[in-house]
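> Following this message is one structure expressed as structure tokens.
The values are calculated or read from the model by the stated rules, or taken from the named source; none is laboratory data. Predicted, not measured: the structure shown is a model, and the values here were computed from it. Counting neighbours? That spans all protein chains shown, and the Cβs are built from the backbone with ideal geometry, glycine included. Accessible surface areas use protein heavy atoms only, side chains included; no ligands, DNA or RNA. Shrake-Rupley method; radii C 1.70, N 1.55, O 1.52, S 1.80 Å.
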Amino acid sequence: MLTDTSIRLFKPDSSKIKKLHDGGRNGLVVLCHPTGRKVFILRYTHPITRKEQTLTIGQYPHITLKMARERAAEARALRSLGLDPRESEKRVEEANQGAARDSFEIVGSEWIKVRGARWSASYRHKIKTMLERHLYPAVGKKPITQIDAMLLLSLLRPIEASGKSDLAHTLLQQASAIFRFAISIGKAAQDPAASLRGALMPHKGSNFAAITTPSEFAELLRAMDSYKGEFTTKAALEFTMLTFQRSQSVRFAKWDQIDWANRLWRIPASIMKMGEDHLVPLSTQALEILERLQPLTCHTGFLFPSLFGSHKPISENTMLYALIRLGYRKRMTVHGFRTTASTLLNENGHNPDVIEAALAHVRGDIRSIYNRAKYLPERIRLYQWWADYVDNLRLSSDSSS
């Protein structure tokens, strides 16, 4: 019978491997190699072929005698059920390797590689660093299917409590994007981050409530379709959503700014926040809105004239009040369409620089690096993709109702 003392005092032979049996017929053996290395093995007969097999249990003293006996007992139990312990161990090892290949970090890296192919290098680095710093240390090695909503929330709560609410929200969005990517490639069945909508405190310092998830955006689109107020107000909301320009630009938009031949909306510098002209490509859907609107308002000069005097544009509250009437008080603002578009376009892998150009943003204190035609071909494709994406959301929403 083996004891810790007998194993410890078991001396090697320089010319051969020595064996020390545990006694009885349990098959547990300690092999002592010429180098002094001692390894537990289990000798058994295959349940079908009846040939002698050897299962390596592990090296002593990393594997204790007690652990070796327990492992041997488990193996013998498998054999009694007609299973080969070594083959069973191999299947478990392969399953563990498969789980490692489908870990949150591996899938996240694949997501960045695929979805981030058109991102700028700086944006890719930003997202990668954010995940490596805040999510990967805790859940990076876990199989993506074993990460649930409560585990995610436990990681985000301390970040939120530290005053970094925006970071917590961003991490939640990125995690959700990774889960949705995993679903699309067959490595996950659900997005646990989706059930955390509303679990975090609202973004601090934001005066512009915005919807940033596809499902909620689809609901808003359906609500907009059902709007019973003035057609010009409904058209203004739809046009703002499709172009995601600032509300002032939409309110003061004039018919002479529409370049029908080139499918462009030429916003003059006088009403742009950054004081520079801005070109907005018009999707087929945006042009259809203008075609329906033109007979009604072209005589006023404004695309969206005031209901109380056609010599001036709609008021700054007209579209906001429409959203409130639709039930979106404190949930969505007119400016929020910019956030919605920016978030969903980024999540769907579009080039962040092209998105920023479409939004007419500038970086830091550098006076607009985007001239009027910057990224214009890319923005044309971006706006048509966005309009088609919106239509598809509407259809998916309708089909689920």
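> Mind listing just one residue for me: the one in the range 56-84 that is within 43 Å of the chain's Cα centre (by Cα) and aliphatic (A, V, I, L, M) and, of those, surrounded by the most Cβ atoms within 10 Å (Cβ to Cβ)?
75
> List the residue pairs whose Cβ atoms are under 6 Å apart, where the first residue sits in the range 1-14 and is part of a loop (DSSP other than H, G, I, E, B), the second is modelled with pLDDT of 90 or more and not hydrophobic (A, V, I, L, M, F, W, C), and the two are 6 or more positions apart or on different chains.
From the range 1-14, the pairs are 12/34; 12/36; 14/34.
> Consider the range 329-359. How many of its residues are at pLDDT 90 or above, part of a loop (DSSP other than H, G, I, E, B), closer than 27 Å to residue 228 by Cα and open to solvent by 10 Å² or more (accessible area, probe 1.4 Å)?
Qualifying residue count, the range 329-359: 3.
> Within the range 45-78, can you find the residues that are part of a strand (DSSP E or B) and modelled with pLDDT under 90?
Selection gives 45, 52, 53, 54, 55, 56, 57, 58.
A quick yes/no check of all residues on (1) closer than 19 Å to residue 188 by Cβ; (2) open to solvent by less than 50 Å² (accessible area, probe 1.4 Å); (3) over 15 Å from the mean Cα position of the chain (by Cα):
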| residue | (1), (2), (3) |
| --- | --- |
| 104 | yes, yes, no |
| 114 | yes, no, no |
| 122 | no, no, yes |
| 128 | no, no, no |
| 133 | no, no, yes |
| 137 | no, no, yes |
| 144 | yes, yes, no |
| 152 | yes, yes, no |
| 158 | no, no, yes |
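> Here's a check for you: in the range 261-282, which residue that is touching a residue at least 24 places away in the same chain (Cβ under 8 Å) and over 22 Å from residue 314 (Cβ atoms) is most open to solvent (accessible area, probe 1.4 Å)?
The selected residue is 263.
> When the residues of the range 160-176 are narrowed to those that are more than 17 Å from the chain's Cα centre (by Cα) and open to solvent by 20 Å² or more (accessible area, probe 1.4 Å), which ends up nearest to residue 198 (Cα to Cα)?
Per the criteria, the residue is 160.
> Do we find that residue 42 is surrounded by 10 or more Cβ atoms within 10 Å (Cβ to Cβ) and in a strand (DSSP E or B) in this structure?
It is true that residue 42 is surrounded by 10 or more Cβ atoms within 10 Å (Cβ to Cβ) and in a strand (DSSP E or B).
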